[in-house]
Amino acid sequence: MDTVITKDGIKIFYKDWGNGQPIVFSHGWPLSADDWDTQMLFFLNHGYRVIAHDRRGHGRSSQTGDGHDMNHYADDLAALTTHLDLKQAIHVGHSTGGGEVVRYLARHGENRVAKAVLISSVPPLMLKTANNPDGLPKEVFDDLQVQLANGRSKFYYDLAAGPFYGYNRPGIVASEAIIWNWWRQGMLGGAKAHYDGIVAFSQTDFTEDLKKITVPVLVMHGEDDQIVPYADSSPLTAKLLKNGILKSYKGFPHGMPTTEAETINADILAFLKK
């Protein structure tokens, strides 16, 4: 397996296919690089070099017990981009991966980066606070941790079979293959990483990070996202960015890179060609 070793000794697994301008994909919680297979094959066939890694504690990377926060996630991504000596890279992040991309750009700079794409992403801040009154109450995320600790196998199946892909909406036909692939990826990772990751994606405030970013950023979000509610995420993110473009999708769910891959891939490609 291809791996890079971080400064604190963690093995980060990655896939690296093709040649051309690199696109680096950062996955959502609690998944792995495999969640990007459809995008990687699509952009590979359009002449790009495609790279995706398993976040620490996820997938095939080290199941470490600590370091499950956005700073470590960003530093691990920086270790990967340095190891591969990437230049003019395009960074694409989904959900928690969008937060990872934002923190990476703000913390490590843009000298290796050309553009970025944030899909159904957690910035600016998911948690309800005095400064973010429309966020979700902390009890929502505490309950996620309780469900994970009490039996993540059922929790993961129910999440994929329900709100993640919008399969709980009337008239939507669920795909068992998609549900079980989500479950497979989740169960491959470490419970401690996933438990701590809930705090990382829900309580990290990316407001100041977003203000530092100057590269063009496409911000994509489904208006029927039941995981990261649309109104308090991407529209605010696009306003905070110096060069942000908001593209919303009526009726699309949180997991739209999978269920609506044809549309999402085409829109990303159009953005990259500008």
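Worth pointing out:
- For GluC sites (Glu not before Pro), the sites in the stretch 194-264 that DSSP calls loop and that have at most 14 other Cβ atoms within 10 Å are Glu223.
- Estimated [θ] at 222 nm from DSSP helical runs (n ≥ 4, -39500 (n - 2.57)) normalised by residues in the chain, nearest 500: -13000 deg cm²/dmol
- Accessible area of Ser248 (1.4 Å probe, protein heavy atoms only, ligands and nucleic acids ignored): about 50 Å².
- When the surface is traced with a 1.4 Å probe over the full set of protein chains, Ile5 keeps roughly 90 Å² accessible.
- For the stretch 1-143, the relative contact order comes to 22 percent (Cα pairs under 8 Å, sequence separation of at least 6).
- Translational diffusion coefficient (Stokes-Einstein; Kirkwood radius from C-alpha pairs) of the chain at 37 °C, 0.692 mPa s, in µm²/s: 179
- Probe 1.4 Å - accessible area at His46, Å² to nearest ten: 80
- The magnitude of the dipole of the stretch 117-233, with charges of +1 and -1 set on the Cβ of Lys/Arg and Asp/Glu and taken from the Cα centre, is near 340 debye.
- Once the Cβ-Cβ distance of Leu136 and Asp85 is raised to the sixth power relative to R0 = 51 Å, the FRET efficiency obtained is 0.80.
- Rounded to whole Hz, the Karplus (6.51, -1.76, 1.60) HN-Hα couplings of the stretch 127-132, x for glycine and proline: 6, 6, 9, 4, 8, 9
- Global form of the stretch 88-170, assessed from the alpha-carbon gyration tensor, a/c cut-off 1.5: prolate
- Average Cα contact separation per residue, the stretch 206-274, under 8 Å, 6 or more apart, as relative contact order %: 35
- Estimated FRET transfer efficiency (Ala174, Thr38; beta-carbon r; R0 25 Å; 0.05): 0.90
- Residue order by solvent-accessible surface for Lys15, Lys138 is Lys138, Lys15, largest first, with ligands and nucleic acids left out and a 1.4 Å probe.
- Of Met1, Met126, the order by accessible heavy-atom surface (1.4 Å probe, DNA, RNA and ligands excluded), from most exposed downward, is Met1, Met126.
- Separation of alpha-carbon centers, the stretch 1-67 and the stretch 157-193, rounded to whole Å: 20
- Mean Cβ count within 10 Å, highest first, over the residues of peptides 101-108, 225-232: 101-108, 225-232
- Extension gain (nm, one decimal) between Asn243 and Val215, 0.36 nm per residue minus Cα-Cα: 9.4 nm
- For the chain, hydrophobic long helices are taken as DSSP H runs at least 20 Å long by C-alpha position along their axis with mean Kyte-Doolittle hydropathy of -0.5 or more; these are 138-161.
The values are calculated or read from the model by the stated rules, or taken from the named source; none is laboratory data. None of these values were measured; they are calculated from a predicted model. Here the Cβ is made from the backbone with ideal geometry for all residues, glycine too, and neighbour counts use every protein chain on show. Each accessible area value is taken on the protein alone, full model and side chains, heavy atoms only, with ligands, DNA and RNA left out. Shrake-Rupley method; radii C 1.70, N 1.55, O 1.52, S 1.80 Å.
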